[in-house]
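Everything below concerns the one structure shown next.
The values are calculated or read from the model by the stated rules, or taken from the named source; none is laboratory data. All values reported here derive from a predicted model rather than from experimental measurement. Counting neighbours? That spans all protein chains shown, and the Cβs are built from the backbone with ideal geometry, glycine included.
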Amino acid sequence: MFKKAKALFEAVKTKLTKTSNELRSSITSVFKQKVEVDDKILEDLQESLILADVSFNSSQEIIQNFKTNLSKLETDEVVDSEFYLKSLQKEIYEILDRDDISIALNDEGVSVIIVSGVNGSGKTTTIGKLAYLLGNQNKVMVVAADTFRAAAIEQLEVWSKKADVDFFSNESKDPASVAYASIELAKNSNIDIVIIDTAGRLGNNDNLMSELAKIEKIVEKQENVKIIENLLVLDGTSGQNALSQVEKFKATVSITGLVITKLDSTSKAGFAISASYDYNLPIKLIGVGETLDDLLPFDSEDFSKALLGLD
Ligand SMILES: Nc1nc2c(ncn2[C@@H]2O[C@H](COP(=O)(O)OP(=O)(O)OP(=O)(O)O)[C@@H](O)[C@H]2O)c(=O)[nH]1
Ligand SMILES: [Mg+2]
């Protein structure tokens, strides 16, 4: 008797799903909450971002978008700190995500990547790791065009061995002529990708900056060669102090993207948001340690979640 009634109930339940679905969703929506945040919370939130080295400009943009989107939102989720963190993460993701984040190779001819930045930012180490990353599927040559610092050439050669890629250096003290010679060789030896290491320099040193521009010009002029990336390496431990360099390098060479290094040892990673947003440049790669596989292609979603400690 009982069994029969239960079977009947199941039958009725399946017949009634159309109605129950509608009813459920309309009743649930009664419990949806409008999310409200007051100005004091928004100010405190912006301050937290600034304390993590996000610039005023980009923190302002994030908070404005956060406020606007929350005011439009109705939710049946529990509105707690986790909810706010997720909402904030979405805004950070939005301003970091761009369609020029990945590195695209030149299909015909040699693809060239020039790497520049201030002293000690992590250029040579990044090149070693990048050569390893790209060397999997391409024939890669790294080029020691840092003719300034005595040990620089040897340091790059050590990395080329670790990454198992070709290495180029010569006797010239002129970095542009080293770059030129390396590309001549690359063209004749079926190299797919040439990565050029340059000496550390400050953006306000005009002589050194024009030397960098000369490397770029000499490479650009070559036939069957394309500069696919002109990467500026920023030291993650410098935080917002690194930002002043972006504008200076951008003014001299055609920077196509940023590499943020040493993210494993900084609490100032928030500046990466501003380096990208304030200067309209994609972050292409991030350095998270000193070994060969410690360079990651940038992923806006993973990065924004990692920044806020979300899964
Ligand atoms: N923890 C950590 N250390 C890094 C990372 N990238 C580079 N380093 C360290 O930073 C120091 C400087 O790195 P280099 O690659 O020599 O920097 P550079 O920009 O080539 O320096 P110069 O050629 O002198 O201008 C080295 O001790 C590296 O091991 C990183 O992602 N994480
Ligand atoms: Mg170096």
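Can you say whether G203 is farther than 25 Å from A131 by Cα, small (G, A, S) and assigned to a loop (DSSP other than H, G, I, E, B), as far as the supplied structure shows?
On the way: farther than 25 Å from A131 by Cα: yes; small (G, A, S): yes; assigned to a loop (DSSP other than H, G, I, E, B): yes.
When the stated conditions are applied, G203 passes them.
Of the residues that sit in the range 260-271 and are part of a helix (DSSP H, G or I) and of a type in the set (A, V, I, L, M, F, W, C), which one is farthest from I92 (Cα to Cα)? So that I can check it myself, show each step before the final result.
Just the residues of the range 260-271 that are part of a helix (DSSP H, G or I), to begin with: 263-265, 271.
Right, trim to of a type in the set (A, V, I, L, M, F, W, C) and you get 263, 271.
Details: L263: 17, F271: 12 Å.
Among them, the one singled out is L263.
List every residue pair whose Cβ atoms sit under 9 Å apart, with the two residues 6 or more apart in sequence or on different chains, where the first one lies in the range 191-208 and is closer than 16 Å to Q245 by Cα and away from ligand 2 (no atom under 12 Å from the Cβ) and the second, anywhere, is in a loop (DSSP other than H, G, I, E, B) and of a type in the set (A, V, I, L, M, F, W, C).
Sorted first by the residue in the range 191-208, then by its partner, the pairs are L202/V118; G203/V118; L208/F148; L208/A199; L208/L202.
Answer yes or no: is there a residue in the range 218-225 that is without any contact (Cβ under 8 Å) to a residue 12 or more places away in the chain, more than 15 Å from ligand 1 (Cβ to nearest atom) and under 28 Å from the mean Cα position of the chain (by Cα).
For the range 218-225, residues without any contact (Cβ under 8 Å) to a residue 12 or more places away in the chain, more than 15 Å from ligand 1 (Cβ to nearest atom) and under 28 Å from the mean Cα position of the chain (by Cα): present.
Quick grid of which residues meet (1) assigned to a helix (DSSP H, G or I); (2) of a type in the set (A, V, I, L, M); (3) crowded, with 19+ Cβ neighbours inside 10 Å; (4) within 15 Å of ligand 2 (Cβ to nearest atom):
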site	(1), (2), (3), (4)
G120	no, no, no, yes
L134	yes, yes, yes, no
M141	no, yes, yes, no
N170	no, no, no, no
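Is it true that some residue in the range 6-17 is in contact (Cβ under 8 Å) with a residue 24 or more places away in the chain and exposed (fewer than 14 other Cβ atoms within 10 Å of the Cβ)? Break it down into steps so the answer makes sense when it comes.
Initial filter on the range 6-17 (in contact (Cβ under 8 Å) with a residue 24 or more places away in the chain): none.
The answer is no; no qualifying residue exists.
Among the residues in the range 274-284, are any under 20 Å from A131 (Cβ atoms), within 16 Å of ligand 2 (Cβ to nearest atom) and among the aliphatic types (A, V, I, L, M)?
No, every residue in the range 274-284 fails to be under 20 Å from A131 (Cβ atoms), within 16 Å of ligand 2 (Cβ to nearest atom) and among the aliphatic types (A, V, I, L, M).
Using beta carbons and a limit of 6 Å, which pairs, at least six apart or on different chains, have the first residue in the range 51-77 and in contact (Cβ under 8 Å) with a residue 40 or more places away in the chain and the second one surrounded by 14 or more Cβ atoms within 10 Å (Cβ to Cβ) and aromatic (F, W, Y)?
D53/F271; S58/Y277
What do you reckon, is T147 out of contact with any His (no Cβ under 8 Å at 6 or more places or on another chain), assigned to a helix (DSSP H, G or I) and either in contact (Cβ under 8 Å) with a residue 60 or more places away in the chain or within 16 Å of ligand 2 (Cβ to nearest atom) (or both)?
Numbers: out of contact with any His (no Cβ under 8 Å at 6 or more places or on another chain): yes; assigned to a helix (DSSP H, G or I): no; either in contact (Cβ under 8 Å) with a residue 60 or more places away in the chain or within 16 Å of ligand 2 (Cβ to nearest atom) (or both): yes.
No; evaluated as a whole, the condition is false for this residue.
Any idea which of D192, D164 is surrounded by fewer than 16 Cβ atoms within 10 Å (Cβ to Cβ) and modelled with pLDDT of 95 or more?
Just a single option satisfies the conditions, and that option is D164.
When only residues in the range 81-118 that are surrounded by fewer than 19 Cβ atoms within 10 Å (Cβ to Cβ) and of a type in the set (A, V, I, L, M) count, which is farthest from ligand 2 (Cβ to nearest atom)?
L85
Which helices (runs of 4 or more DSSP H) does the range 1-117 wholly contain that include 2 or more residues that are among the acidic types (D, E) and not assigned by TED's automatic domain parsing to the domain that holds A272? Steps first, please.
Numbers: elements: 2-15, 17-30, 39-51, 56-72, 81-96.
In the range 1-117, 39-51, 81-96 are the helices (runs of 4 or more DSSP H) which contain 2 or more residues that are among the acidic types (D, E) and not assigned by TED's automatic domain parsing to the domain that holds A272.
Is it the case that the range 257-271 has a residue that's farther than 19 Å from I62 by Cβ, surrounded by fewer than 20 Cβ atoms within 10 Å (Cβ to Cβ) and modelled with pLDDT of 95 or more?
Checked against the condition, which is being farther than 19 Å from I62 by Cβ, surrounded by fewer than 20 Cβ atoms within 10 Å (Cβ to Cβ) and modelled with pLDDT of 95 or more, the range 257-271 yields no hits at all.
Name the residues in the range 272-311 that are part of a loop (DSSP other than H, G, I, E, B), buried (at least 21 other Cβ atoms within 10 Å of the Cβ) and touching a Gly at 6+ places or on another chain (Cβ under 8 Å), would you?
none
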